[in-house]
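> My questions all concern the structure below.
Values in this text are rule-based calculations from the coordinates and carry no lab data. A quick note: this is a predicted structure, and the numbers were derived from the prediction, not measured.
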Amino acid sequence: MTKIIGIKELQTGTKNIRKEVEKGVNFIVIYRSKPIFEIRPIDSTFEFTGDLDSSGLYNDDFIKRMNKAEKDIKSGKTKTYTTDEFLNSF
């Protein structure tokens, strides 16, 4: 199935569009009455061979810090800050 949507609908409905694409729906995006691109599911045989580190989509340091923060929260090693305290800590 293919749906035609405007650029505004893409901007405001990205989450719902993503869910539909996961179900197999294709989208043709229209801008100023002209089709400009298509959104479609990736073939199930597609294998990503790019480098996430150099793509900017994955930041190992950020992931490590988030994992540490999650562990600290679970173990009770966190402190609550007011907004002013937090901003003044930098």
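> From the phi of every residue in region 3-14, what ³J(HN,Hα) in whole Hz does the Karplus formula 6.51 cos²θ - 1.76 cosθ + 1.60 yield, where θ is phi - 60° and glycine or proline is x?
10, 9, 9, x, 4, 4, 5, 4, 5, 8, x, 4
> Next question. Would you pull out the residues with amide H under 5 Å of Lys3's amide H, same chain only if 5 or more places away, H placed 1.01 Å from N?
Amide H neighbours of Lys3: Asn26, Phe27, Ile28.
> Determine ³J(HN,Hα), in whole Hz, for all residues of region 17-28 in sequence, where each value follows from phi through the Karplus function 6.51 cos²θ - 1.76 cosθ + 1.60 and θ = phi - 60°; x replaces Gly and Pro.
With the stated coefficients, region 17-28 comes to 5, 4, 4, 5, 4, 4, 8, x, 7, 9, 10, 10 Hz.
> Right, another one. Apply the Karplus curve 6.51 cos²θ - 1.76 cosθ + 1.60, θ = phi - 60°, to the phi angles in region 29-38 and return the couplings in whole Hz, x for Gly and Pro.
Per-residue couplings from phi come out as 9, 9, 9, 6, 6, 10, x, 10, 6, 10 Hz.
> Moving on. In the structure shown, do any of Lys3/Lys23; Lys3/Lys34; Lys23/Lys64 have a Cα-Cα gap over 23 Å, and if so which?
Correct reply: Lys23/Lys64.
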